[in-house]
Amino acid sequence: MTGPELQHRVVVVGLGPGGEEFVSSQAREAIDAHPARFTLAPDHPAMSLVPDAAIIRQNSSDLQGIAQALLDAASVVGTGVLLAVPGSPLVQEPVVAFLLTHHRETTRVVPGLSFLDVLWPALGVDPFQGGTRVVEAGVVTSDLVGAGPLVITDLDPDGLKACAGLTGVPMNTDVAVVRRVGLPGESIEWTVWSELPKVGLVEGLSSLYVGAPELAFTPRSALREATSVQCRGAGLGFGLPDLAAAFADVEDELAEVREEPSAAEAGDLLFAAVQVARHLGVDPEEALRGAVQRFAGRLEYIVGCGADLRSAGKEDLKLLWTRAKAEVG
């Protein structure tokens, strides 16, 4: 081998923000060309593309040691080594930053998608509008939160607690809790800063987006809009205190829509139902979608039974529906 192949002793590839579908053909070619492989992301969903990779544990206090270990391994094999990192190699990867700063001539970076590339369309946000910044949860401050649109990454329970405990952040600040963006189970929960202590489970694949939802260029559903405005109201002291109060509100609105069957009262009833979902920690959009899918599945099951529905009596229909619920869910 000659030229560039020998020059680049460490080749860094980004595995993207999710499954194998996010890994570029250029990255796949680099993986195949380098049998000596290392990874900083052993649990990444796309690591199946990087077999037999030795695991390197991130240690920000010994970046020089990690870099030297890679360079030494490259010298031993003679053909260079491959380092697989999550997301994009150029986004919040201190080992890669160290290699490019101190060993640029012998380091080649194969571009990859960052989780930010899938975060923006998921949020419906233009990152250039307002100058969105990115910071890790461990170093976020109230000044950063108050200075405009912000993505807070690497959010775990401790990071969420630290964010919620920041002083000087207006309690009605809009914030989206983003979980598993680009992966199965992705969810985005819009709320306000005062509600962060009530947010459910978060993990290392979670982040916060701080910024007004009005900046979004794609519309949110009315159900999620209702959740957002209810959270804002709660932050200002106009929310229901608990689940019992939410149930009582549904009963009040149900009585009102019976007395005045109008679009406005029907809307108030739906709005009250969202309060119940919020206090249960349930995304009303996902809950309603699940109900629609269950209903549609039962209908398909009943139609597939071949029964003569036009001539069926109420008891026959009831039995069919009961059977469909048991079979389909």
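Coordinate-derived values only; no laboratory data. None of these values were measured; they are calculated from a predicted model. Glycine also receives a Cβ, built like all others from the backbone with ideal geometry; neighbour counts cover every protein chain displayed.
The H on the amide N of GLY87, modeled in the peptide plane, is under 5 Å from the matching H of LEU15, GLY16, each at least 5 residues off or on a different chain. With the highest mean first, a sort of the peptides 143-156, 93-106, 314-327 on other beta-carbon atoms found within 10 angstrom per residue produces 143-156, 93-106, 314-327. Using C-alpha pairs under 8 Å with a sequence gap of at least 6, the mean separation divided by the residue count of the chain gives a relative contact order of 13 percent. With bins 10 Å wide beginning at 0, the percent of Cα pairs of the chain falling in each bin runs 5, 20, 23, 20, 15, 10, 5, 2, 0. Each residue of region 138-153 is assigned a 3J(HN,Hα), and the resulting list reads x, 10, 6, 10, 5, 5, 5, 4, x, 9, x, x, 8, 10, 9, 9 Hz, derived from the Karplus form 6.51 cos²θ - 1.76 cosθ + 1.60 (θ = phi - 60°), x at Gly and Pro.
Close amide H partners of GLU136, meaning residues 5 or more places away or on another chain with modelled amide H under 5 Å apart, are THR153. For VAL109, the amide hydrogen comes within under 5 Å of the amide hydrogens of VAL12, counting only partners 5 or more places away or on other chains and with H modelled in the peptide plane.
Its Cα centre serving as origin, region 226-309 has a Cβ charge dipole (Lys and Arg +1, Asp and Glu -1) of approximately 400 debye. Using the Cβ of PHE295 as centre and a radius below 13 Å, the other residues enclosed give a net charge of +3, where K and R count +1 and D and E count -1. Straight-line cross-link partners of LYS325 among the lysines, defined as a Cα under 27 Å from its Cα and at least 8 positions apart when in the same chain: LYS314.
Taken one residue at a time, the phi angles of region 25-35 give Karplus couplings (6.51, -1.76, 1.60, θ = phi - 60°) of 5, 5, 5, 4, 5, 5, 4, 5, 7, 10, x Hz. Gly and Pro are set to x.
Scalar couplings 3J(HN,Hα) for region 74-86, obtained by applying the Karplus form with A = 6.51, B = -1.76, C = 1.60 to θ = phi - 60°, are 5, 5, 5, 7, x, 10, x, 10, 10, 10, 9, 10, x Hz; x denotes Gly and Pro.
Considering only VAL135, THR79, PHE115, the residue lying farthest towards the positive end of the dipole of region 57-214 is THR79, judged by Cα position with unit charges set on Cβ. Classification of region 231-292 by its C-alpha gyration tensor yields an oblate form. The axis ratio a/c (a ≥ b ≥ c) is 1.5 or more, and b/c is at least a/b.
For the chain, the longest principal axis of the C-alpha atoms and the axis of helix 243-259 are separated by about 40°.
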